[in-house]
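First the structure, in the form of structure tokens, and then the observations on it.
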Amino acid sequence: MNVLRRSTAKRPALKSFDRLIFILLYRLAPTVLEAVTIVRPETIVRWHRAGFRTFWRWKSRRGPGRPKLALEIRQLIREINLANPLWGAPRIHGELLKLGIDVGQTSVAKYMARRRRPPSQGWRTFLLNHADGIASIDLFVVPTISFKLLYGLLILRHDRRRILLLGVTTSPTAEWIARQLSDACGWEPVPDYLIRDHDRVYGEAFTRRIRAMGIRDRPTAPRSPWQNGYAERLIGSIRRECLDHVIVFGERHLRHVLRSYQQYYNGTRTHLALAKDSPLTRPVQAVGRILALPVLGGLHHRYIRI
């Protein structure tokens, strides 16, 4: 051994079989450490401990275990979790059982979507939960054939995007707008909040009337039309789908056109935000012959089955 150490430039490398032999010799005769000079005693003890760990790791290896869930079930768990951020594993597990899917609750928790932040509702859910108590009001200008300006008044309920009123006047005043708002609500429950801009036409008579009706006034910030986005978008639709294709003769003519469009919008026109339904729910007709009914002189049509 001493000659080998002197003739070899670097320490010889031992193989696993060589280490096993040293371990067996140590188990049979511990005094063999006194004769071994190529390695230190601590090295052999470390080898023995490493072999012990490897042995028990092999002996306690994981078996086949529980079968893996199908891909469709895993995707369903993730979709339910993302669509319902406030649900935990027990709630999702209960829904799966009601759907006839027999799966363990721990498996549900395993395949739920991981979030860095606590679960929170989306802005769409938050706004939909408050939309039934919100209405908006806005004015728009319409030129006539003689270049005279008429003013249209829009009052919109946010829950079903339903037009409550489309009024027309030559000179809007606070008293006239307050009277139009009272007529628009009629026998229906009044909205909790009313969104409007900072137009000076909404004077003291208007604010006094809505306060008496129990409506909370919510003016938008200056130069922020996007804060009244529903009304602004609807005014754009009225222009694109109706007024841009009609020459208005006068106040009476405009009132008739806007009344026709209001009936078409509320009862016929499908809306993307309402799952392709109209503000006044339109029944599905699957049987019968299709008949087209002209609206606004044929500018639009209503299709029914008879």
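Numbers for the structure displayed
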read-out: Boolean, I44 is β-branched (V, I, T), farther than 30 Å from L20 by Cβ and either in the same structural domain as K110 (by TED's automatic domain parsing) or touching a Lys or Arg at 6+ places or on another chain (Cβ under 9 Å) (or both); value: no
read-out: Any hit, region 231-242, residues being under 29 Å from the mean Cα position of the chain (by Cα), under 11 Å from R196 (Cα atoms) and assigned by TED's automatic domain parsing to the domain that holds V141; value: yes
read-out: Qualifying residue in region 228-245 (condition: surrounded by fewer than 16 Cβ atoms within 10 Å (Cβ to Cβ), in a loop (DSSP other than H, G, I, E, B) and either at pLDDT 90 or above or of a type in the set (D, E, K, R) (or both)); value: no
read-out: Selection count, region 92-112, where residues are surrounded by 14 or more Cβ atoms within 10 Å (Cβ to Cβ) and assigned to a helix (DSSP H, G or I); value: 8
read-out: Which listed residue is at pLDDT below 85, hydroxyl-bearing (S, T, Y) and not in a helix (DSSP H, G or I), from T43, T37; value: T37
read-out: Top-ranked residue of region 258-295 - restricted to ones that are among the charged types (D, E, K, R) and within 23 Å of I247 (Cβ to Cβ), ranked as surrounded by the fewest Cβ atoms within 10 Å (Cβ to Cβ); value: R259
read-out: Number of positions in region 146-193 that are in a helix (DSSP H, G or I) and either on the phi > 0 side of the Ramachandran plot or not aromatic (F, W, Y) (or both); value: 11
read-out: Test for G298: is it surrounded by 10 or more Cβ atoms within 10 Å (Cβ to Cβ) and either under 30 Å from T170 (Cα atoms) or not assigned by TED's automatic domain parsing to the domain that holds D159 (or both); value: no
read-out: Filtered residue count, region 214-224, keeping only those that are surrounded by 13 or more Cβ atoms within 10 Å (Cβ to Cβ) and in contact with a helix residue (DSSP H, G or I) (Cβ under 7 Å, 6 or more places away or on another chain); value: 2
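The values are calculated or read from the model by the stated rules, or taken from the named source; none is laboratory data. All values reported here derive from a predicted model rather than from experimental measurement. Cβ atoms come from the backbone with ideal geometry, glycine included; neighbour counts cover every protein chain shown.
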